[in-house]
Every structure is written in C-alpha cells, then in structure tokens.
Amino acid sequence: MVYPHTYRTEHSETITTNAVYGEYYAAKTSKKINIEPDLLLILQYVDSNRLQFLDDLAEIVKFKSVSGKLQYRDDVDRMISFTEEWLKKLQMKYECFNIGHYLLDGKKVPIPSVILASLGNCIDKKTVCVYLHLDVPEPDLADWTTNPWTLTNKNNVFFGNGTACGKGPLMMWFHVIQAFQKSDMPLPVNVKFIIEFMNHENSLGLSAFLPTRVQDFFAGIYNVILCESEWIGGKHPCLIYGCVGMIHFEIAITQSEDSKVDIKEDMKAIVNSLVDDKEQILIKHFGEYVEQITPDEEKVYENIKDFDADEIRDSLPDFKKPWDQVKLLMSFWRLPSIHVHENLECVCDKKDFSKIKKVVTLKLVPRQVVDKVEKLVKAHVKSVVKENNIKNTVTCETLDSKRPWFENFRLPCYNAARRAVIQDYLQPLRSIGAGAVVGEGGCSKSDVFIIIK
C-alpha cells in the first residue's frame, strides 16, 4: 500500500504548490458557466414560486415520520399518503410494495411500504434513479432551538426535522418536475424514484427487496442519485463519490478451568496485536488489499478548501499533530483503521465475571473486500491465541458489515452534478435567496467528498 506523500519530494511542484497558484486559481474561479435559455426558464419558474415551495416544505415537515417508535406509526402512514398524492399530481407511475413485518416496541407490524415510481420511458434519454427516504430520527429537543416539526426561518436559514435529508430532497425533486411540466418543457431524462421509510432503522427489508426488481424497474438505469445535502463547513457544497465500509467484530473470552491467567490479560494481548499506539494495523497482509494512493488523488485532498487542520489539531493525539491536511483527511476517509471499544462485562445480579467481550470496528476502504478482511482478522486472532498459548476460550464473530464503495468522480454524471451545483450555489446570476435548509444534515467522517469551489 502506498501512503500519502510517497510520491512527493521537497522539490516536487504541483498546481497547489507552485508560485503562480494564486494567479491560476483566480483565473479558474473567474470563469462562469453559461445558463442555457431553456434552463433559465426553469430557474425563473423556481424563483417566482419560491414562497409556494416553502409552504410545501413546511407541510411535509409537520409529519412526525419517525420509523423507530410505535407512537409515530400513524404519521408514517400519513407521510406515505402525502407522497402518493404528489406522485399522482405529477402523473408519475408508481407502486407500493409490502416487504415484510418487524417488531416495533414489542409489537409485530408491517414494514412501511417501499414506493417505486417512474416518469418517462423515452429510449433516446438516459434514465436516472433517485433514492429518497422520508423517515426521520426522533429529535432530541435539547439539541433544538426551534420546533423540529415546524419549518422555521432564522436569518434566511430554514430549520426543520428532515429538511436537509429526506423530506427536503423529495420536495426538491417534486418541484423540479413540476417546474418542467408547468413550463411546458420535456424533462431531459427519464426519472425513477426509490422511496423508503426505514432509513433510520438500517433500511430493514430493502436490501432483500431491491434485487427482485433488477430485471424490470432497474433495467436501463444510467446512474443512481442520492441526495444527502452534505457540506464541509458552511461555505462549500459537496458531491459524495464514495463511502468507507465497516465490519464490527465481537471478541469474547470465557474463563477456562485449565487457565490461571486473568481473561482481561488475554484480551489485552489480543487487542494489542491488532493495532499499535500510533494506529498502525498489525494484521499480516491487511494492507495488501488497499488501493494505492496516486499523486492525482493527493491533489484532490490538497484542493479541499473549507477544512482547517489547525482547528482540530489540539484534539488530535500527539503523533497526529504534525500531520498536514492531506494526511489528516486521508486518515479519515481513505485509509483503513481499527477502533477498539471498551470491555463488555456482566452487569446482571449474578455478577458473573467469567466472561468478557469487546467490540472491534474496522473501517474498510477501496479494494478491500468484506469476506477477505473477515478471514484475515479471524485467522489473526486464532494465531495470536496459539502464539501466546492462551488457555481460555476465545471466539471472534462478525456482528455486521458494510462494503465500501468508490466512484470515478470524473465521469460525465459527476461533471453534470458539479456544473449544476456551481450554477445554483456559486454563480451570482440569480436572486432566488431561498436560504439554506438545516435539519439532520452534517459532515460524516465516513463519506468522501468533492468540494465544489
């Protein structure tokens, strides 16, 4: 595996380090993307209907569509009916699918329906598929200065539960389609929607249902769009082109009659064999499956503008404090890591201390495969037990896993998204002034971003 700066020398010169970078950057940002006449008509419709759009958003925010509590189940059903009414209004074809049952607060109830909708089937147009979810987390009122179920405008920033992720993106898509229809203009693409209501319950049932529609609903899709309203800082919107994967292992040790060694000492020996005090992974061959880092990829991280390493430097461990922006960001998004959780001991009345458990979380990055990492980790634990002659009973089980994904952000679809964001957010050509929407959004360390600048 090639780590950051392997290709760099103190004499190397890039577009971000040479003496004319300032001039280059000024020239680059001075360029503007011309808005086509047809698109200008759509933007004018959006501007003129801004207040109605905000009223629609306020209406959808009122639904307390919390998927994880039985008391909100009626609101979830009303949210589904609201969505169906809009689909009918936009003349979209749709179907609601029941995909099973689950236990909610001890009661067996149906999983909220998954809606598959489509508009247009022109063979001369590309088809984009949009994933949307309309459930929201139950708000902790201590974290809110406004009513989470009422859209509130504070200094042209709109607050409401679900406005940034989920409800807001749905209304955005509905309003865009409405703008084309009211302007008597055909959509430039065919559109398909996947709408679920269990995102905050790990999308229960969705992964089993979607493969059943590969031959019909998903046929001919050019690319899939996910709207999560992610930003880094408060200035620059982002395009997400990848996400790390995760594997959670549970290591359990049970005291054996043949052993006089404390099970905590054995656990310490196993954990110390996984990762050192500088977060270097010690599992043999682990790094061989990590995609190598190239100079071009480093430039992407160098060009991220809305990140100030000095703001977080004091909170970093000593060995990370000298790191520059590239190395810090790559440690968050690009390089694998291991996090070891606290020991789990018995807290029951019997006070049984003969068994302890520890959860270990591995972050996976491009080219790492869940199955291979599982085998490496379990084989490593088994070898440590053998090398240290551990007599106590040791088990290592996989709790759950998610694979990483990574896309080429130079593809045409990403270029189109980049141009759209520049036109909408960064070019001072419009006076929509709609403000930002804030709800459940926020930057995640697990996502990889293109910063639009």
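The values are calculated or read from the model by the stated rules, or taken from the named source; none is laboratory data. Note that the structure is predicted; figures quoted are calculated from it, not measured. All Cβ positions, even for glycine, are placed from backbone atoms using ideal geometry, and neighbour counts span all protein chains on display. All accessible areas refer to the heavy atoms of the entire protein, side chains included, with ligands and DNA or RNA removed. Shrake-Rupley method; radii C 1.70, N 1.55, O 1.52, S 1.80 Å.
Quick check on segment 143-160. Is at least one of its residues farther than 30 Å from Gln215 by Cα, in a helix (DSSP H, G or I) and open to solvent by 40 Å² or more (accessible area, probe 1.4 Å)? Looking through segment 143-160, at least one residue is farther than 30 Å from Gln215 by Cα, in a helix (DSSP H, G or I) and open to solvent by 40 Å² or more (accessible area, probe 1.4 Å). Among the residues here, Phe218 qualifies as part of a loop (DSSP other than H, G, I, E, B), closer than 24 Å to Asn415 by Cβ, at pLDDT 90 or above and open to solvent by 30 Å² or more (accessible area, probe 1.4 Å). Looking across segment 357-369 at every residue that is modelled with pLDDT of 90 or more and not charged (D, E, K, R), the one that is nearest to Leu329 (Cα to Cα) is identified as Val365. Based on what the data block shows, is Lys363 open to solvent by 40 Å² or more (accessible area, probe 1.4 Å) and either charged (D, E, K, R) or under 30 Å from Glu265 (Cβ atoms) (or both)? So Lys363 fails the test. Return the residue satisfying two criteria in turn: it lies in segment 64-88 and is out of contact with any strand residue (DSSP E or B) (no Cβ under 8 Å at 6 or more places or on another chain), free of Cβ contacts under 8 Å to residues at least 40 places away in the same chain and farther than 20 Å from Phe209 by Cβ, and of such residues it is most open to solvent (accessible area, probe 1.4 Å). Once the filter is applied, the top-ranked residue is Gln71. Taken over segment 93-121, the criterion of being within 28 Å of the chain's Cα centre (by Cα) and part of a loop (DSSP other than H, G, I, E, B) is satisfied by Asn98, Ile99, Gly100, Asp105, Ile111, Pro112, Ser113. For Val109, the stated conditions do not hold, so it cannot be described as of a type in the set (A, V, I, L, M) and either exposed (fewer than 12 other Cβ atoms within 10 Å of the Cβ) or in contact with a Gly (Cβ under 9 Å, 6 or more places away or on another chain) (or both).
If we scan segment 292-301, do we find a residue that is at pLDDT 90 or above and open to solvent by 70 Å² or more (accessible area, probe 1.4 Å)? No, that holds for no residue. Selection of segment 373-414 for residues being more than 19 Å from Ile251 (Cβ to Cβ) and open to solvent by 70 Å² or more (accessible area, probe 1.4 Å) yields Lys402, Arg403, Trp405, Phe406, Glu407, Asn408, Arg410, Pro412. A single member of Phe332, Phe307, Phe319 is at negative phi and not in a helix (DSSP H, G or I), and it is Phe307. Within segment 177-205, the set of residues being farther than 16 Å from Gly166 by Cα, assigned to a helix (DSSP H, G or I) and not small (Gly, Ala, Ser) comprises Ile177, Gln178, Phe180, Gln181, Lys182. Being under 23 Å from Thr212 (Cα atoms) and not aliphatic (A, V, I, L, M) is the filter here, so list the residues in segment 89-104 that pass it. Selection gives Lys93, Tyr94, Glu95, Cys96, Phe97, Asn98, Gly100, His101, Tyr102. Residues that are open to solvent by 50 Å² or more (accessible area, probe 1.4 Å), aromatic (Phe, Trp, Tyr), within 21 Å of Ser331 (Cβ to Cβ) and at pLDDT below 90 are absent from segment 237-257 altogether.
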